[in-house]
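Below: one structure, written as structure tokens.
Please treat every number below as a calculation from the coordinates, not as lab data. Because the structure is a prediction, the values reported are computed rather than measured. Cβ placement follows ideal geometry from the backbone for every residue including glycine, while neighbour counts extend to all protein chains displayed.
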Amino acid sequence: MTNLLLYNLPKEKEETLASIARGLQLSYRVILPEAFGESIGKLCGAPAHESDKAAAGLPFADEMLVLCGLAEPQLDLLLFALRTAKIPVRLKAVLTEQNIGWSGFALRAALAEEDAYLRRQ
């Protein structure tokens, strides 16, 4: 299973995050815009979602990071490393049973809505 899905990260951020991932022995995958309609479960390599069909959506340029199958200590180490390296990614999600079948478009929409709500508070 791929541990990290990277959407729309600038090259410098992508390279730093890739270095962090290698140091933590995590795998990562850069998701290109043509794959934004694929389910995040399929992109992470979750076997039950390999046959999900692509979904349509509006193009987006937001940076997004999806964390797949990380144990809590790995998650803590990764988030600490991102903070230490000053690599902010506003839209982050953990793969769950609820979102495993969502497309990148759907996940981005949900995260953007949540982010907007939190910023208003």
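Taking every DSSP bridge with both residues inside the chain, close to 40 percent are antiparallel. Dividing the convex hull volume of the alpha-carbon atoms in the chain by its residue count gives 109 Å³ per residue. How high is the FRET efficiency from Leu32 to Arg120, r the C-beta distance, R0 30 Å, rounded to 0.05? Once the sixth-power term is evaluated, E becomes 0.40. Given the rule -39500 (n - 2.57) for each run of at least 4 DSSP H residues, summed and divided by the residues of the chain, what is its mean residue ellipticity at 222 nm, to the nearest 500 deg cm²/dmol? Helix contribution divided over all residues of the chain: -12500 deg cm²/dmol. Here r is the Cβ-Cβ distance between Leu77 and Glu97 and R0 is 35 Å; the resulting FRET efficiency, rounded to 0.05, is 0.90. Sequence-ordered 3J(HN,Hα) estimates for the range 24-29 from the Karplus curve with 6.51, -1.76 and 1.60 and θ = phi - 60° stand at 9, 6, 10, 9, 9, 9 Hz, glycine and proline given as x.
Farthest toward the positive end of the dipole of the chain, out of Leu6, Pro33, Ile20, is the Cα of Ile20, where the dipole comes from beta carbon charges about the Cα centre. Report the one residue of Trp102, Leu70, Gly45 whose Cα lies farthest in the direction of the positive end of the charge dipole of the range 11-121 (charges on C-beta: Lys and Arg +1, Asp and Glu -1; origin at the Cα centre). Projecting each Cα onto the dipole axis, the largest value belongs to Leu70. Rounded to the nearest 20, the Cβ-based charge dipole of the chain about its Cα centre (Lys and Arg +1, Asp and Glu -1) stands at 300 debye.
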